[in-house]
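Notes follow the structure.
The values are calculated or read from the model by the stated rules, or taken from the named source; none is laboratory data. Note that the coordinates shown come from a computational prediction; the quantities given were computed from them, not determined experimentally. Neighbour counts run over all protein chains shown; Cβ positions are idealised from the backbone, glycine included. With ligands, DNA and RNA removed, areas are computed over all heavy atoms of the protein, side chains included. Shrake-Rupley method; radii C 1.70, N 1.55, O 1.52, S 1.80 Å.
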Amino acid sequence: MVRAAVVHEPGPPSALSVEDREPPQPGDGEIAIDVAYAGVGFVDTLLRSGAFPLVPPFVPGIEVTGAVRAVGAGVDGFTIGQPVAALLNDFGHTQRAGGYAQVAVAHHSLAVDLPDDADRPRITAALVNGVTAWLALHDIARVGSAETVVVTGAGGGLGGTAARLAALLPARRVVGVVGHDPTRAPGECTDVVLTRDLDAWLAGDESVDVVIDSVGGRVRQLLFGQLAPFGRLVVLGNASGEDVALSSDAAWHATRTVTGLSLGGIAHSRPALVRAALRAVVDLVARGHLAEPMPDVVPLTGVRAVHEAIAARTAPAKTVLDVSR
């Protein structure tokens with residue numbers, strides 16, 4: 001038996017129950033992983049609350065590091081005991097997730113090997129946010145070295161990683177938009193703008209080439225209107241809960257593009273693209289080039305408190321679970 005944080009009925013954080021269960025077994029094309037660390041993110045709170053149609057009982061958690069426990073049929077390139085990082089959000093393959101457990105199963109196409117001396121908590125914390133940011137900046141926006149990139153929600157996990165990665169690519173300017181505390185923006189930002197000051201900042205006739213937006217609402221509308229010709233808005237979420245309309249005529253007349261990206265929506269259909277991004281992020285963090293902050297590390301038994309902190313917006317930028325505790 002192995003321990004896992006299980007949801008029997010979707011609901012509030014109290015719906016998470018740490019209990020013993022049979023370890024999952026890998027099927028064709030899959031690997032089983034002895035999980036060392038599992039990342040906790042906003043998407044997990046949506047899974048737990050029933051926002052996505054997972055059939056209970058289920059285990060949240062879409063990003064893990066650990067070691068290969070078993071290899072399913074048709075899998076090459078992985079051996080028992082090999083350190084790995086994996087994404088568990090290929091919901092189009094099967095009902096996946098399962099990271100909040102001592103053993104998880106991943107599709108081999110969404111796993112990569114790790115160096116033996118890898119900083120597993122730090123890499124775990126960067127997986128989903130890093131892959132999402134890489135795809136948005138590198139594959140969709142194709143940021144150039146002379147461009148200005150604006151990242152909303154730069155004080156959070158996804159926004160912070162996107163800002164650090166934009167600076168690394170490198171963009172000429174990286175502007176972080178934060179809600180209240182400018183010190184939460186990464187040091188890699190060349191400019192930091194509070195949301196309440198965004199109108200004034202834009203009134204300075206600032207030209208914006210790329211917007212990476214996970215906030216939505218009026219912020220998205222303002223920044224879309226400020227895009228330069230051939231500017232790109234990449235939508236990664238809607239933390240505001242306000243889905244604003246953007247004019248297709250405005251996109252046409254000003255030569256702008258709007259693209260959405262849902263990592264969980266493409267992981268099963270574009271695994272090679274996602275795995276290439278996963279490889280890039282793991283290597284950048286492992287080599288120290290992408291300087292992701294050390295996450296909070298809490299035992300699996302503390303998972304409810306982590307979800308409560310995310311709901312209350314008091315959580316740190318990133319938390320990972322040490323599933324051995």
Taking alpha-carbon centroids only, segment 1-72 lies from segment 134-198 a number of Å equal to 31
Here the relative contact order (percent) of the chain, from C-alpha pairs under 8 Å and at least 6 apart, is 19
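I want the antiparallel fraction of DSSP beta bridges within the chain, as a percent rounded to 5. Please list the in-between numbers first.
On the way: 32 of 57 bridges.
Within the chain, antiparallel bridges account for around 55 percent of the total.
Can you give me the % of accessible surface on segment 61-109 that is carbon or sulfur? Probe 1.4 Å, all protein chains present, nothing else counted. Intermediate values should be presented prior to the final figure.
Details: 730 of 1490 Å².
Carbon-and-sulfur percentage of accessible area, whole number: 49.
Could you put T79, T148 in order of accessible surface area, largest first, with the 1.4 Å probe and the full protein assembly present? Working shown, then result.
Values: T79 85, T148 0 Å².
If we order T79, T148 from most to least accessible, we get T79, T148.
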Amide H neighbours of V103 at under 5 Å, excluding residues fewer than 5 places away on the same chain, with H built from the backbone geometry, are V35
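For T259, T45, write out the residues from largest to smallest accessible area, computed with a 1.4 angstrom probe and no ligands counted.
Values: T259 50, T45 15 Å².
Sorted by accessible area, descending: T259, T45.
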With bins of 5 Å, the percent of all Cα-Cα pairs of segment 150-259 per bin from 0 is 2, 13, 25, 26, 21, 9, 2, 0
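Given the -39500 (n - 2.57) contribution per DSSP H run of 4+ residues, what per-residue ellipticity at 222 nm results for the chain, rounded to the nearest 500 deg cm²/dmol?
-7500 deg cm²/dmol
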Measuring from its Cα centre, the chain shows a charge dipole (+1 at each Lys and Arg Cβ, -1 at each Asp and Glu Cβ) which, in debye to the nearest 20, is 120
Comparing V211, V143, V75 in a Gaussian network model of the chain (Cα, 10 Å), the one with the largest mean-square fluctuation is V75
Rounded to a whole %, the carbon-and-sulfur portion of the accessible area of segment 141-272 at a 1.4 Å probe is 52
Between F91 and residues 5 or more places away or on another chain, the pairs with built amide H atoms under 5 Å apart involve H268
If the chain between T255 and H180 were fully extended at 0.36 nm per residue, the gain over the current Cα-Cα distance would be 23.8 nm
Expected vector for segment 135-151, Karplus 3J(HN,Hα) from phi with 6.51, -1.76, 1.60 and θ = phi - 60°, integer Hz, x for Gly and Pro, equals 4, 5, 7, 8, 9, 9, 6, 6, 4, x, 6, 9, 9, 9, 10, 10, 10
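Counting heavy atoms of the protein chains only and a 1.4 Å probe, report the per residue accessible area for the chain as a whole number of Å².
On the way: 13530 Å² over 325 residues.
Ligands and nucleic acids excluded, the figure is 42 Å² per residue.
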Residue by residue through segment 215-226, the couplings from Karplus 6.51 cos²θ - 1.76 cosθ + 1.60 with θ = phi - 60°, in Hz, x for Gly and Pro, are 9, x, x, 5, 4, 4, 4, 4, 6, 4, x, 9
The ³J(HN,Hα) series, computed from each phi in segment 28-35 with the Karplus coefficients 6.51, -1.76 and 1.60 at θ = phi - 60°, rounded to the nearest Hz and given as x for glycine or proline, is 4, x, 10, 10, 9, 10, 6, 6
The set of residues whose placed amide H lies less than 5 Å from the amide H of Q82, leaving out same-chain residues fewer than 5 positions away, is V68
